[in-house]
Amino acid sequence: MNTNRKIIIVENAAALAQKGAEIFCSIARQRVEKTGRFMAALSGGSTPRPLYRLLGQPPYLAKVPWEATHLFWADERMVPWEDPDSNFGAAREDFIEKVPIPAGQVHPMPLDPAGAQGAALYSRTLRDIFRPPGNRAPAFDLLLLGVGADGHVASLFPDPADTLEGPGERPDNFVAAPGSRPEPWVSGVCGGSPHTYRLTLTLPVLNRAREILFVVSGKSKAPVLERTLNHPDARLPARQVDPPDGQVTWLVDKDAASALSPIAAT
Ligand code: 6PG
């Protein structure tokens, strides 16, 4: 596993939201200073929502360079934005509608068409905005990820039967290292809770990120966190997020960290 891994343990879910918002702001400012823009991808689930709410309030509201920020999604459930299960809908309500980000810089995953076509459409959005050289996958400045109790990340589930299309089906939705099998940047899957059709970024994209911030809270996540961090052979999607050139930060609360040995938690 990548040596650029840091584990930060905080007291509780409120402290996790605060620390997560600070990290978000600090990476945003650094990237805008360096490159003139900040490219972030968000996840769904309940854990990041308190963090999202902080982003829409002072002092964080004024600390993020929103005019230079682009927001994408690591995954989306194929439900209307008004549905409480919509990842974009939740983030919109929590902070996007409260901050001065230009509308054209908010890039939700498409709800229609679903499956391979939707995946190809979002890949095109990524390609148009990132303009990555060759067919390299786009490199996000920050990927905010949660972890499911089964070890899923974004909508990459441990059960491969949930994937709706094979690798490289669409020529405009792939990345291929020389000599290797083409892999899609975005996949259509069906699974998770709620059990819906979904779109998700794939590992080649996740593993190009410069910074990955995992946010994990609560006792129910303690076993999967321990398994992910301490067992080299675990075949969990969470374990496979390991960007060779990126920094991975695990921001966890004490309950989630309760199964970690003191050595792992440094
Ligand atoms: C989704 C997610 C998913 C989520 C984890 C953790 O849309 O379902 O992006 O990967 O991050 O399931 O979710 P909780 O924070 O609700 O535990």
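Coordinate-derived values only; no laboratory data. Since the structure is predicted, the reported quantities are computational estimates derived from the model, not experimental observations. Glycine also receives a Cβ, built like all others from the backbone with ideal geometry; neighbour counts cover every protein chain displayed.
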Worksheet item: Where a ≥ b ≥ c are the square roots of the eigenvalues of the C-alpha gyration tensor, would you call the stretch 45-155 rounded, which needs a/c under 1.5, or, failing that, prolate if a/b is larger than b/c, or oblate?
Response: oblate
Discussion item. Starting from the 7 Å offset along Cα-to-Cβ, what nm value, one decimal, do you get for the label separation of residue 247 and residue 220?
Written reply: 3.2
Fill in: At 1.567 mPa s and 4 °C, Stokes diffusion of the chain via Kirkwood alpha-carbon radius, µm² per second
70
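For residue 53 and residue 135, what does the FRET efficiency come to when R0 = 30 Å and r is the distance between their Cβ atoms, rounded to the nearest 0.05? Write down the numbers at each step before the final one.
Working: r = 38 Å, r/R0 = 1.26.
Result of the calculation: an efficiency of 0.20.
Counting only DSSP beta bridges with both residues in the chain, what percent are antiparallel, rounded to the nearest 5? Don't skip to the answer; put the middle values down first.
Working: 12 of 35 bridges.
Given both bridge residues lie in the chain, the antiparallel proportion sits at roughly 35 percent.
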Fill in: Rel. contact order, % - alpha carbon contacts under 8 angstrom, at least six apart, the chain
25
Fill in: Potential lengthening between residue 150 and residue 67 on full extension [0.36 nm per residue; Cα-Cα distance subtracted]
26.2 nm
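Per residue, how big is the convex hull around the C-alpha atoms of the stretch 1-109? Give it to me in cubic angstrom, could you? Can you show the working numbers first?
Numbers: hull volume 13.2 nm³, N = 109.
In the stretch 1-109, the Cα hull volume divided by residue count equals 121 Å³.
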Worksheet item: Hey, what's the per residue convex hull volume over the C-alpha atoms of the stretch 41-105, in cubic angstrom?
Response: 80
Item to complete: Taking the Cβ of residue 17 as the centre, find all other residues whose Cβ is under 12 Å away and add up their charges (Lys, Arg: +1; Asp, Glu: -1).
Response: -1
Worksheet item: Which of the lysines could be linked to residue 6 by a straight reach, that is with a Cα gap under 21 Å, when you skip same-chain ones fewer than 8 residues away?
Response: 19, 219, 221, 254
Worksheet entry | Full-stretch length increase - residue 33, residue 235 - with 0.36 nm per residue and alpha-carbon distance subtracted | 69.0 nm
